[in-house]
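Since the structure comes first, as structure tokens, the remarks are kept for the end.
The values are calculated or read from the model by the stated rules, or taken from the named source; none is laboratory data. From a predicted model like this one, the values you see are computed outputs, not experimental measurements. Neighbour counts are summed over all protein chains in view; Cβ atoms, including those assigned to glycine, are modelled from backbone coordinates with ideal geometry.
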Amino acid sequence: DAGVTQSPTHLIKTRGQQVTLRCSPKSGHDTVSWYQQALGQGPQFIFQYYEEEERQRGNFPDRFSGHQYPNYSSELNVNALLLGDSALYLCASRPWEQGKGTDTQYFGPGTRLTVL
Amino acid sequence: KQEVTQIPAALSVPEGENLVLNCSFTDSAIYNLQWFRQDPGKGLTSLLLIQSSQREQTSGRLNASLDKSSGRSTLYIAASQPGDSATYLCAVSDRGSTLGRLYFGRGTQLTVWP
């Protein structure tokens with residue numbers, strides 16, 4: 001079982017550019033969430049996808065958008081990058097159905113985004 | 001809005017000590033609480049998950065307790081080792097939601113020296 005995978009590992013962009021980050025969930029998981037973790041902070045929830053729809057969104061501007069594919073993999077897109085978007089972006093997956101030992105969220109290794 | 005606080009922010013101890021990390025949350029209506037470990041620049045590894053109906057969970061040298069009414073959880077690490085050095089994050093999931101959104105604290109950065 002490969003677990004949650006993310007690509008790329010690191011990315012350097014300049015202000016105003018656009019970026020796409022990718023995530024493949026753990027086998028058997030159909031729900032994907034994205035989190036932003038600034039240096040020295042806890043992760044902040046961006047949004048969650050299930051059945052190819054955005055189900056819940058945190059306090060992030062519309063510059064942050066996403067997509068989920070039929071194979072449950074997901075993308076996070078950020079437009080018009082700002083210096084403050086520099087962070088570790090984490091993807092987490094879990095089964096949609098709660099209970100029966102399925103509540104644990106599994107995180108990927110993250111993508112480190114640096115905006116210059 | 002749910003807010004999670006972790007104390008202390010940093011902890012440095014010699015090998016072999018027993019440790020207590022604290023987590024508090026403002027809204028006691030949670031579905032579950034999860035403790036994670038994060039190594040520098042890496043993703044999160046789940047250590048323990050406590051359902052809202054449970055009081056504690058144990059895994060090896062780790063024991064986590066939950067007092068939902070007072071909005072507190074404690075992670076106890078027995079006989080600490082240098083390999084335990086990492087940041088420990090506490091996260092709660094809202095009650096009544098099937099969507100599994102997590103609210104995180106800022107973490108406790110632990111250093112265990114030989």
Which of the residues that make up segment A:9-37 are part of a loop (DSSP other than H, G, I, E, B), over 12 Å from the mean Cα position of the chain (by Cα) and closer than 23 Å to residue B:45 by Cβ?
A:9, A:26, A:27, A:28, A:29, A:30
Restricting attention to segment A:25-37, does a residue exist that is within 14 Å of chain B (Cβ to nearest Cβ), aliphatic (A, V, I, L, M) and under 24 Å from residue B:88 (Cβ atoms)?
no
Please indicate, with yes or no, whether at least one residue in segment A:1-22 is in contact with a Gly (Cβ under 6 Å, 6 or more places away or on another chain), crowded, with 16+ Cβ neighbours inside 10 Å, more than 10 Å from chain B (Cβ to nearest Cβ) and not aromatic (Phe, Trp, Tyr).
no
Can you tell me which residues in segment B:55-77 are exposed (fewer than 13 other Cβ atoms within 10 Å of the Cβ) and under 23 Å from residue B:12 (Cβ atoms)?
B:60
Provide a single number: the residues in segment B:88-114 that are within 14 Å of chain A (Cβ to nearest Cβ), surrounded by fewer than 21 Cβ atoms within 10 Å (Cβ to Cβ) and part of a strand (DSSP E or B).
2
Considering only strands (runs of 3 or more DSSP E) wholly within segment B:9-58, the ones with at least 3 residues that are touching a residue at least 40 places away in the same chain (Cβ under 8 Å) and either at the interface with chain A (Cβ under 10 Å from one of its Cβ atoms) or aliphatic (A, V, I, L, M) (or both) are B:10-14, B:19-25, B:30-38
Would you mind stating whether residue A:71 is under 11 Å from the mean Cα position of the chain (by Cα) and either modelled with pLDDT of 95 or more or over 21 Å from residue B:31 (Cα atoms) (or both)?
no
